[in-house]
Every structure is written in C-alpha cells, then in structure tokens.
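Colleague: If you scroll down you'll find the structure; I have some questions about it.
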Amino acid sequence: MIEAELKARVHTPEEVLRRLDGRAEGVPEVYQDTYYDAPDGNLEARGAELRIRTVHGPTDTRTVLTYKGAAVDEASGSKPEAETRVENADAAHAIVRGLGYVPTIAFEKRCRNYTFKARGREMLATLVRVPEVDGTFLEVETLVADAQVHEALSDIRVVLAELGIEEKDLTRELYTDAVRARRQS
C-alpha cells in the first residue's frame, strides 16, 4: 500500500483545529520516534526509512515498526509503507540493532489525530508540533493502491482546502531534517 500524504505548514492553528473538531473527535498523542539506517546510510540514500514509533495516547501506549520505501510521487513525497504493531518496544529496538541498523535520530512529535471519511476514503488528519521545530503542521493521509495515488492526492487537496490550507502552504520538509538542522545550529 502507498501512504498518499500531503503536509502543510499551518498559519492559523486555532482555525484549523476548529474545522477538524467539526469533522471528528481529536485524539491527543505523543510520538517518540527513532529512525534507523545502515551504518553506510544506505536507506537514506535510497529515500527509504526504518522507524520505531512509541505512541503515548490517552488510554494506551503502543509501539509500531514502520518501513517506508522511496517516494512514488515526487511532488508529495508519498511512499509505499509497511507497518506493524510490536508488543515490546525494547525488543523491537534490540532486533533492529541486532540486524546491523543504527539509530540516526530520535525526537518527539505532539499530535492530535482525527480519523474521518472524506471523498469516499478513510483519512487521517494529524495536527503536529515538534518541540524542536518552529511552527505547526498538518498531515492528511490515506492508504491506497499504487494506481490510486494521484486521485487520492487530489482528494486530500480538497480536504486541505476545506480545512483552510492553501496550495502555497504545502511542504515536503522532513521533520528529521528540521530536527537535525536545529540540533546543529
């Protein structure tokens, strides 16, 4: 499956939050993300990602192992994604390290997630703050087959417009790059 996704900088977070609250109930969660790569940087060189994410929500804590392949749509950065929940975060980190991968960056994302149906698709909208990065972001995504990526991205653009996000607000900036840059300055 492809994670068709668009991300935007949000200039009026309160207004976007109000519009999202009108669509669904928001769930506050804190993500603890650790990204891994081969010692030679092979994954990043191919545009791929290997991540372990522990999500702290209001009713539970869960850990997810995710692999994302290279982007299939350069304009949006949408990527094939394989994801699975793991029972034990420490064991997942130990397995990935045991396979020879090394942590490259770890950081926190503070999110408010909204799941809703729009334009015939299940969508996830996430309002995001990364403490080390200036600003608020909105990610809207849906999982689709390869052949549906462009149609899904069009549907996401409609949803973004309904939430008050303009095309000029879209960004391909990666949180990993922004956090690295902040830590190096």
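Colleague: Summing -39500 (n - 2.57) over the DSSP H runs of n ≥ 4 in the chain and dividing by its residue number, what mean residue ellipticity at 222 nm do you reach, to the nearest 500 deg cm²/dmol? Please report the intermediate quantities before stating the final value.
Modeller: Details: 5 runs with 47 residues, N = 185.
So the calculated ellipticity at 222 nm is -7500 deg cm²/dmol.
Colleague: Straight-line reach from LYS109: which lysines have Cα under 19 Å away, leaving out those fewer than 8 places along the same chain?
Modeller: Correct list for LYS109: LYS7, LYS68.
Colleague: Taking amide H atoms as placed 1.01 Å from N in the peptide plane, list the residues 5 or more away in sequence, or in a different chain, whose amide H sits under 5 Å from that of THR171.
Modeller: The answer is LYS7, ALA8, ARG9.
Colleague: When only C-alpha pairs under 8 Å and at least 6 residues apart count, what is the relative contact order of the chain, in percent? If you can, show how the numbers build up before the last one.
Modeller: Working: 361 pairs, mean separation 56.2, N = 185.
With pairs under 8 Å counted, the relative contact order is 30 percent.
Colleague: If each residue of separation counts as 0.36 nm, what is the full-extension length gain between ALA91 and GLN32 once their alpha-carbon separation is subtracted?
Modeller: On the way: separation 59, 0.36 × 59 = 21.24 nm, distance 1.56 nm.
Working it through step by step, the gained length comes to 19.7 nm.
Colleague: Sketch the reach of a paramagnetic label on ARG119 as a point 7 Å from Cα along Cα-to-Cβ, and name the residues of segment 150-176 whose backbone nitrogen lies under 17 Å away.
Modeller: Inside the label zone: 150-171.
Colleague: Rounding to the nearest 20 debye, state how big the charge dipole of the chain is about its Cα centre with +1 on each Lys and Arg Cβ and -1 on each Asp and Glu Cβ.
Modeller: Working: 26 positive and 34 negative charges, 55 e Å.
In debye, rounded to 20, the chain gives about 260.
Colleague: With θ set to phi - 60°, apply the Karplus curve 6.51 cos²θ - 1.76 cosθ + 1.60 along segment 85-95 and write out the HN-Hα couplings as whole Hz, x wherever there is a Gly or Pro.
Modeller: 6, 10, 6, 10, 4, 4, 5, 4, 4, 5, 5
Colleague: For an R0 of 35 angstrom, estimate the FRET efficiency from the Cβ-Cβ distance between SER154 and ALA106 and round to the nearest 0.05.
Modeller: Details: r = 35 Å, r/R0 = 0.99.
Computed FRET efficiency for SER154 and ALA106 comes out at 0.50.
Colleague: Across segment 164-172, in residue order, what do the Karplus-derived ³J(HN,Hα) couplings come to in whole Hz, using 6.51 cos²θ - 1.76 cosθ + 1.60 with θ = phi - 60° and x for Gly and Pro?
Modeller: Computed from phi, the couplings for segment 164-172 are x, 9, 9, 4, 5, 7, 5, 9, 9 Hz.
Colleague: As I understand it, the value is the acute angle between the Cα axis of helix 149-162 and the longest principal axis of the Cα atoms of the chain; what does it come to in degrees, rounded to 10?
Modeller: Here the helix axis deviates by roughly 60 degrees.
Colleague: Arranged from highest to lowest average of other beta-carbon atoms within 10 Å per residue, in what order do the peptides 166-174, 101-109 appear?
Modeller: Details: 166-174: 12.8, 101-109: 16.3.
Most protected by this proxy first, the peptides run 101-109, 166-174.
Colleague: Next up: Go through segment 40-52 residue by residue and turn each phi into a ³J(HN,Hα) via Karplus (6.51, -1.76, 1.60, θ = phi - 60°); whole Hz please, and just put x for glycine and proline.
Modeller: For segment 40-52, the Karplus curve yields 8, x, 4, 4, 4, 4, 8, x, 9, 9, 10, 9, 10 Hz.
The numbers here are math on the coordinates, done by the rules we state, and not lab data. Quick caveat, the model's predicted, so the values are computed rather than measured. We place every Cβ from the backbone using ideal geometry, glycine too, and count neighbours over all the protein chains shown.
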